[in-house]
Amino acid sequence: MTNTTGPVVTSDAPITASDPIPTPLAPPPDILRCAYMELVVTDLAASRNFYVDVLGLVVTEEDEDAVYLRSLEEFIHHNLVLRKGPAAAVAAFSYRVRSPEELDRAVEFYTELGCRVERRKEGFTKGVGDSVRVTDPLGFPYEFFYDVDHVERLAWRYDLHTPGALVRLDHFNQVTPDVPRAVKFMEDLGFRVTEDIQDDEGTTYAAWMRRKPTVHDTAMTGGDGPRMHHVAFATHEKHNIIAICDKLGALRLSDRIERGPGRHGVSNAFYLYLRDPDGHRVEIYTQDYYTGDPDNPVVTWDVHDNQRRDWWGNPVVPSWYTEASLVLDLDGNPQPVVARTDTSEMAVTIGADGFSYTRAGDDAEALPSWKQGEYKLGHQL
Ligand SMILES: [Fe+2]
């Protein structure tokens with residue numbers, strides 16, 4: 001994996017699971033895209049303030065227990081549900097499928113896997129019709145639907161757009177202990193890897209997987225799980241992300257910013273990570289690339305390349321590696337978290353024994369002193 005110019009590009013995903021989930025005989029549902037996330041929040045008013053008044057998501061509908069929000073270019077009922085509950089968690093990662101018949105396929109696919117599967121003709125959520133909810137083999141609450149209320153697409157309503165306008169839901173990011181196992185299962189579900197992070201010892205730290213023709217609909221991040229790492233909304237331009245930072249500063253809410261803004265190596269997108277009032281992580285994301293061809297090249301990054309997660313070499317804060325949201329089972333109880341046994345990305349890059357390089361082939365002391373202090377915990381004053 002020695003390469004001085006960047007990541008390794010191959011024709012297919014070089015990830016193999018040692019403990020695979022059996023591939024069902026039933027075909028998977030034809031998934032269009034990630035469509036919405038249902039978040040359980042402990043203070044509905046505080047969360048509404050953050051997502052609506054600060055970030056500018058649009059309220060489609062609301063009641064005493066829930067707020068249904070959408071981005072400005074969306075035409076379906078919502079991209080985010082904030083539901084009041086006793087403890088912060090994620091109730092559903094929801095995907096839209098190509099036709100109503102795909103729900104039958106989802107039922108058969110997950111039933112064959114021995115998963116708990118529930119279907120409601122009237123849907124589980126306002127605005128959504130016939131839908132299927134499952135606890136998948138990785139422990140995540142997944143939902144599939146086709147029927148949904150259409151609402152006004154506000155793309156041309158520039159009178160409503162703010163400088164930090166959020167225009168689309170872009171992706172989810174899931175934390176799971178065994179990334180190769182998760183990748184293999186998601187490939188069986190019809191997803192394809194676009195990028196990943198590995199090391200020379202064969203450990204896989206993360207993988208980005210798509211249905212729609214962008215870098216991802218969801219990513220599998222190695223860590224204690226199942227947990228939700230973040231949900232990401234897209235802006236049109238980089239300056240929209242800068243405007244969000246400026247607004248948070250003006251509101252004396254700069255402590256909502258966890259990491260960034262910056263340019264990712266993986267995905268090439270411009271990014272910003274925020275934490276909502278419950279600590280749920282939200283990414284603001286823009287300008288990744290088209291991946292829709294069947295032979296789209298897979299990009300593999302070396303875990304020690306300090307430009308993989310930030311193209312400018314800025315360090316990743318430890319909380320970004322370690323903290324994530326609990327996910328719920330279909331009864332609303334938190335799923336138990338299983339520890340990762342493979343080495344952690346934080347430990348091999350910024351921990352006490354960590355090592356990162358800017359140029360492949362450099363040794364551990366080749367980084368300038370001011371950079372070593374950032375990557376080696378304990379070097380700071
Ligand atoms: Fe992301």
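The values are calculated or read from the model by the stated rules, or taken from the named source; none is laboratory data. What you are looking at is a predicted structure, and each value in this text was computed from that prediction instead of being measured. Cβ atoms come from the backbone with ideal geometry, glycine included; neighbour counts cover every protein chain shown.
Just checking: which of the helices (runs of 4 or more DSSP H) contained wholly in region 289-381 hold 2 or more residues that are modelled with pLDDT of 95 or more?
By residue number, 318-322.
Taking Val266, is it of a type in the set (A, V, I, L, M, F, W, C), assigned to a loop (DSSP other than H, G, I, E, B) and either within 16 Å of the ligand (Cβ to nearest atom) or crowded, with 19+ Cβ neighbours inside 10 Å (or both)?
yes
Within region 160-171, identify whether any single residue is free of Cβ contacts under 8 Å to residues at least 40 places away in the same chain and of a type outside the set (Phe, Trp, Tyr), and answer yes or no.
No, region 160-171 contains no residue that is free of Cβ contacts under 8 Å to residues at least 40 places away in the same chain and of a type outside the set (Phe, Trp, Tyr).
Going residue by residue through region 225-243, is there one that turns out to be assigned by TED's automatic domain parsing to the domain that holds Glu74, part of a loop (DSSP other than H, G, I, E, B), surrounded by 20 or more Cβ atoms within 10 Å (Cβ to Cβ) and within 15 Å of the ligand (Cβ to nearest atom)? Even if it seems obvious, please write down each step before you answer.
At the first step, the residues of region 225-243 found to be assigned by TED's automatic domain parsing to the domain that holds Glu74 are 225-243.
When the remaining residues are screened for being part of a loop (DSSP other than H, G, I, E, B), the result is 226, 235-237.
Within this subset, residues satisfying the condition of being surrounded by 20 or more Cβ atoms within 10 Å (Cβ to Cβ) are 226, 235.
Narrowing further to those that are within 15 Å of the ligand (Cβ to nearest atom): 235.
For region 225-243, residues assigned by TED's automatic domain parsing to the domain that holds Glu74, part of a loop (DSSP other than H, G, I, E, B), surrounded by 20 or more Cβ atoms within 10 Å (Cβ to Cβ) and within 15 Å of the ligand (Cβ to nearest atom): present.
With the structure loaded, tell me whether Asp136 is closer than 14 Å to Leu330 by Cβ, touching a residue at least 40 places away in the same chain (Cβ under 8 Å), in the same structural domain as Pro277 (by TED's automatic domain parsing) and not hydrophobic (A, V, I, L, M, F, W, C) or whether it fails that test.
Yes; evaluated as a whole, the condition is true for this residue.
Leu248 - would you say it is more than 16 Å from the ligand (Cβ to nearest atom), buried (at least 18 other Cβ atoms within 10 Å of the Cβ) and under 27 Å from Pro180 (Cα atoms)?
No: the conditions fail for Leu248.
If you take the residues of region 274-286 that are of a type outside the set (Lys, Arg) and away from the ligand (no atom under 13 Å from the Cβ), which of them is surrounded by the fewest Cβ atoms within 10 Å (Cβ to Cβ)?
Residue satisfying both the conditions and the ranking: Gly279.
Could you grab me the full set of residues in region 196-210 that are within 16 Å of the ligand (Cβ to nearest atom) and over 25 Å from Val90 (Cα atoms)?
Hit for region 196-210 is Ile197, nothing else.
Listed here are the residues, each with its yes/no results for (1) in contact with a strand residue (DSSP E or B) (Cβ under 6 Å, 6 or more places away or on another chain); (2) surrounded by fewer than 19 Cβ atoms within 10 Å (Cβ to Cβ); (3) closer than 30 Å to Ser356 by Cα.
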site	(1), (2), (3)
Val8	yes, yes, yes
Ser18	no, yes, yes
Pro28	no, no, no
Ala45	no, yes, no
Leu80	yes, no, no
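Within region 337-358, how many residues turn out to be exposed (fewer than 13 other Cβ atoms within 10 Å of the Cβ) and in contact (Cβ under 8 Å) with a residue 12 or more places away in the chain?
The number of residues fulfilling the criteria is 3.
Among Val215, Val175, which is crowded, with 24+ Cβ neighbours inside 10 Å and in a strand (DSSP E or B)?
When all the criteria are applied, what remains is Val175.
Filter region 170-195 down to residues that are within 26 Å of Glu74 (Cα to Cα), within 16 Å of the ligand (Cβ to nearest atom) and not aromatic (Phe, Trp, Tyr), then give me how many there are.
Here is the first cut: in region 170-195, the residues within 26 Å of Glu74 (Cα to Cα) are 170-174, 186, 189-194.
Right, trim to within 16 Å of the ligand (Cβ to nearest atom) and you get 170-174, 186, 191, 193-194.
Next, only the ones that are not aromatic (Phe, Trp, Tyr) stay: 170-171, 173-174, 186, 193-194.
Here the count works out to 7.
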